[in-house]
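One structure is given below, encoded as structure tokens.
What follows draws every value from the coordinates through simple rules; no lab data is involved. Note that the structure is a prediction, hence the values are computed from the model and not measured. Cβ: placed from backbone, ideal geometry, glycine included. Neighbour counts: every protein chain shown.
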Amino acid sequence: MTRLMPLWMIIGNLFLFGCNSDSTAPRSTVTSNTTAIDAGAPEEQGGTLAILSDPSHKRMNRTAPAEFDVQFHTSVGDFVVRVTRQWAPLGADRFYNLIVNGYYDETRFFRVAPGRDGKRFVVQWGIHGDPSVNAAWQKSPAARIKDDPVIQSNTRGRVTFAMSGPNSRTTQLFISYADYSFLDGMGFSVFGEVIDDGMTIVDQINGEYEERPDQHRIQSDGNAYLQEKFPNLDYIINTTIVKSSNNE
């Protein structure tokens, strides 16, 4: 018998936990000849702990290119997200700065939420593996960004920030596994999408733990908690901007 989940349970943590409080590399599946941009100082990719812990830092508050591609090198394979800044400028800027400073490196895909009829709903990530970084973001007034108007729909492969209410987006993201355009009316503004055949990789992200990881524990204990209690979680090894409208 198919379990029919109430809509509020399916949406769940996209609202409740949208705010931060927090192996051997596989063979790459990206076969295109894209190369990482060499943006030069101060645009070099990768940030110090001091930068990662300070949402108000100038290197966390730069304007993103009009369009850019980010390669996610993960434990399950590689996929590319294309960001169009016009879709959600504030969200695109925040995502760009998190990527350029290496915020998502070693972070876990901690939530693969089940949907209706046995289908997946979303995959969610974005709590840092270092509890000290999470604590800094929880305390900083600069952590939350204002909402963007919803221009694009939350369909399969679209990338969106989780949130805990109005003007509450910080670092957590999700990718929709199917057409969930009902999220549009709730204020979830799409800023990018998985391109090419990348969803074949996203579909393989381990979902055995579903929503069991405790996000408050991730915030307070970081990756140590996840590695002990949920050792099979897939994770982001690193991210790289491989194409930019400012660097073509």
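Which of the three applies to segment 116-161, rounded, prolate or oblate, going by the alpha-carbon gyration tensor with a ≥ b ≥ c and a/c under 1.5 meaning rounded?
Here segment 116-161 falls in the oblate category.
Given the Cα-Cα distance of Glu208 and Lys58 and 0.36 nm per residue of separation, how much length would full extension add, in nm?
Gain on stretching Glu208 to Lys58: 50.1 nm.
Shape verdict for segment 102-248, please, from the Cα gyration tensor: rounded (a/c under 1.5), prolate (a/b greater than b/c) or oblate.
Rounded, since a/c falls under 1.5.
How far is it, in nm, from the label point at Asn232 to the one at Ser245 when both lie 7 Å from their Cα along the line to the Cβ?
A separation of 4.2 nm, rounded to one decimal place.
Determine which lysines satisfy two conditions relative to Lys139: a Cα distance under 24 Å, and not lying fewer than 8 residues away in the same chain.
Result set, ordered by chain and number: Lys58.
Relative to the Cα centre, what is the charge dipole magnitude of segment 117-191, using +1 at the beta carbon of each Lys and Arg, -1 at the beta carbon of each Asp and Glu, and rounding to the nearest 20 debye?
In total the dipole reaches around 100 debye.
Extension gain Ala224-Asp196, at 0.36 nm per residue separation less the Cα-Cα distance, in nm?
Going from the current span to full extension adds 6.7 nm.
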